[in-house]
Amino acid sequence: MSLDDKLPLGHVEALVPASMAYMDRARRVIPRGMTSRGRGRAVPVAFRRGRGAHLYDLDGRGYVDLVMALGPLLLGHSPAAVIEAVRRQLADGVQFGGQHVGEAQLAELIVEHVPSAQKVLFSNTGSEAVQAAVRIARATTGRRLIVKFEGHYHGWIDPFFVNSPGVSAAAPAENALIPVAHNVAGQPAPTEVLVCPWNDVAALEAVFAAHGTEIAAVITEPIPFNLGTMLADPAYLPAMRDLTRRNGALLIFDEVVSGFRVGLGGAQAMLGVTPDLTTFAKAMAAGFPIAAITGTDEAMASAIDGPVFHGGTYNGTPLSVAAAIATIDFLADNAATVYPHMQALGEQLAEGLRALATKYTIPLVVNQIGSVLQLMWDPHLPVRAFADADAADPAPLAAIGELALAGGVYAAPRGLMFLSTAHTGDDVHHVLGAYDVAIGTYLAQADIG
């Protein structure tokens, strides 16, 4: 299987015969051979185990992991404190069908560290958490319209799987809105979701001028990590906060990626903007499945003593709660060292990749915020919104990511990289060496250097 006619990858496939055989087996019983499309790549790799910052495939080959389960593994693979906490909980029970003390303990930790959190509900995934937050917002405000932003990803569940990465950027109409487009081709666009360009105060003001009395909530990634890894202009999020408050709408921060990764208080603490509702998942439990919906007492009124029914057999499941408590405790105890450590590694990796761009005279742009990097090939500069990032060519980075497998680096084809507390300077040095070779190979094989 080749990425394209110009770039044969047979030599990479030859390194992972057991993974290739596994995928042949999986495709017979699993659509496309994978249970999440986000794991797809030209050269599939199947893994047997992970330790620290490293993965080991079915052929026994090791990799420096820059995918980190698409974000959850903030503490690396199998962190000892988390695994021990889960083992203790396993001995006491897997599931109760009733309340347990871990739920309140975890909720108290989140309230302690997250600026906007006064009440906390638990769910299992970020997609579920977004659905719950929007239901609460609609019930609390008595309104239906939801504003989301082009290029922001809020899960795969309708009606918010629209205008996310995978749908090309579009120009806004005269009313400042972007035509709603479902990410699944052929599916109808929802009628109660408005899509607005991000980082554009005038556009958001126009949307509120036209629909302010109908808008229940604005939902945003405060830091769009799903494509771009960029910060808004300094005045933008405060303006969003002001517009929602003045118009009686709620502000929802989707911190599924940023939560606990950029700091204990999430992006809201880092940026100094406090939302009404927030969704968390991924990094909060070091890889175990759990999500949280947090909010102020006022915003959560419809769930506290109103009509909202928040249900779920696995909500607050004891094993994941134990993992989350251990994760947050570890981060709180070590915040003075682990966050600066990841920041320094992120800067080291970003600077090294930019040096490779200079060495090879390629249009590689590297955005870095803390432990997250986004590589883009020839985007529109400066990268301020989704349209700028979407202008980048995805093919070169996808090819380079496949070639880096041969050098022992597992990185997402879309150029999104996650670091963890387990990564070291030696890991970064290894990645840069592998990318040096991969970029050189790509340029030689594609004959564009």
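Every number here is computed from the coordinates shown, using simple stated rules; none is lab data. What you are looking at is a predicted structure, and each value in this text was computed from that prediction instead of being measured. Cβ: placed from backbone, ideal geometry, glycine included. Neighbour counts: every protein chain shown.
Filter the chain for me: DSSP H helices, axial length by Cα at least 24 angstrom, mean Kyte-Doolittle hydropathy not below 1.6. List them by residue number.
Membrane-span-like by this criterion, though nothing is claimed about a membrane: none.
Grab the Cα-Cα distance for D378 and R245, subtract it from 0.36 nm times how many residues apart they are, and report the gain in nm with one decimal.
Roughly 44.1 nm would be gained on extension.
Assuming R0 = 41 Å, what is the FRET efficiency of E112 and R48, from their Cβ-Cβ distance, to the nearest 0.05?
My answer for the efficiency is 0.60.
Can you give the calculated 222 nm mean residue ellipticity of the chain, where each DSSP H run of n ≥ 4 adds -39,500 (n - 2.57) and the sum is split over every residue, rounded to the nearest 500 deg cm²/dmol?
One gets -12000 deg cm²/dmol as the mean residue ellipticity at 222 nm.
Springs between alpha-carbon pairs under 10 angstrom, Gaussian network model over the chain: which of P44, P79, P197 fluctuates most?
Taking springs between Cα atoms under 10 Å, the residue moving most is P44.
Label-point separation (nm) for R39 and D297, each offset 7 Å from Cα along Cα-to-Cβ?
So the label points at R39 and D297 sit 4.4 nm apart.
Hey, in the GNM for the chain with a 10 angstrom Cα cutoff, which one of P413, P159, P234 fluctuates hardest?
Taking springs between Cα atoms under 10 Å, the residue moving most is P234.
For W156, W377, W198, what's the fewest-to-most ordering of other Cβ within 10 Å of each Cβ?
In order of increasing Cβ crowding within 10 Å: W156, W377, W198.
Need one number: nm distance between label points at A335 and T358, each 7 Å from Cα along Cα→Cβ, rounded to one decimal.
In this crude spin-label approximation the distance works out to 3.6 nm.
Gaussian network model of the chain, Cα springs within a sub-10 Å range: biggest mean-square fluctuation belongs to which of G33, G401, G295?
Of the options given, G33 has the highest mean-square fluctuation.
Could you list the residues of region 126-152 with an amide nitrogen less than 18 Å from a label point located 7 Å from the Cα of H310 in the Cα-to-C-beta direction?
126-142
Nearest 20 debye, what's the magnitude of the dipole of the chain about its Cα centre given +1 on Lys and Arg Cβ and -1 on Asp and Glu Cβ?
Dipole about the Cα centre, nearest 20: 880 debye.
Using only the Cα atoms of region 242-306, build the gyration tensor, take square roots of its eigenvalues as a ≥ b ≥ c, and label the shape rounded, prolate or oblate: rounded if a/c is under 1.5, else prolate if a/b is larger than b/c, else oblate.
Oblate.
Give me the mean projected area, in nm² to one decimal, of the convex hull enclosing the Cα positions of the chain.
Here the figure is 21.3 nm², rounded to one decimal.
When a/c is below 1.5 the answer is rounded, else prolate if a/b is larger than b/c, else oblate, so apply that to region 87-236 with a ≥ b ≥ c taken from the square roots of the Cα gyration tensor eigenvalues.
Since a/c reaches 1.5 and a/b is larger than b/c, the shape of region 87-236 is classed as prolate.
For V409, what residues show an amide H to amide H distance below 5 Å, using hydrogens built from the backbone and excluding near sequence neighbours?
Those lying under 5 Å, H to H, from V409 are V64.
With only Lys, Arg, Asp and Glu charged, each at its Cβ (+1 for the first two, -1 for the last two), find how big the charge dipole of region 215-368 is about the Cα centre; round to the nearest 20 debye.
So the magnitude is around 420 debye.
In what order do S371, S420, S127 fall by count of nearby beta-carbon atoms within 10 Å, going from fewest to most?
With the sparsest Cβ surroundings first, the list reads S127, S371, S420.
When Rg is the radius of gyration of the Cα atoms in region 187-285 and Rh is its Kirkwood radius, what does Rg/Rh come to?
When Rh is taken as the Kirkwood radius, the ratio is 0.97.
I'd like to know which of P31, L177, T229 lies farthest towards the positive end of the charge dipole of the chain, counting +1 on Cβ of Lys and Arg and -1 on Cβ of Asp and Glu.
It is P31, whose Cα lies furthest towards the positive end.
What is the order of T358, T244, T327, fewest Cβ neighbours within 10 Å to most?
Listing T358, T244, T327 from fewest to most nearby Cβ atoms yields T358, T244, T327.
For region 284-299, in order, what is each residue's ³J(HN,Hα) by Karplus, 6.51 cos²θ - 1.76 cosθ + 1.60 with θ = phi - 60°, in whole Hz (x at glycine and Pro)?
5, 9, 6, x, 7, x, 6, 9, 9, 10, 10, x, 6, 4, 5, 5
Nearest 0.05, what FRET efficiency do D447 and E174 give at R0 = 35 Å with Cβ-Cβ as r?
0.20
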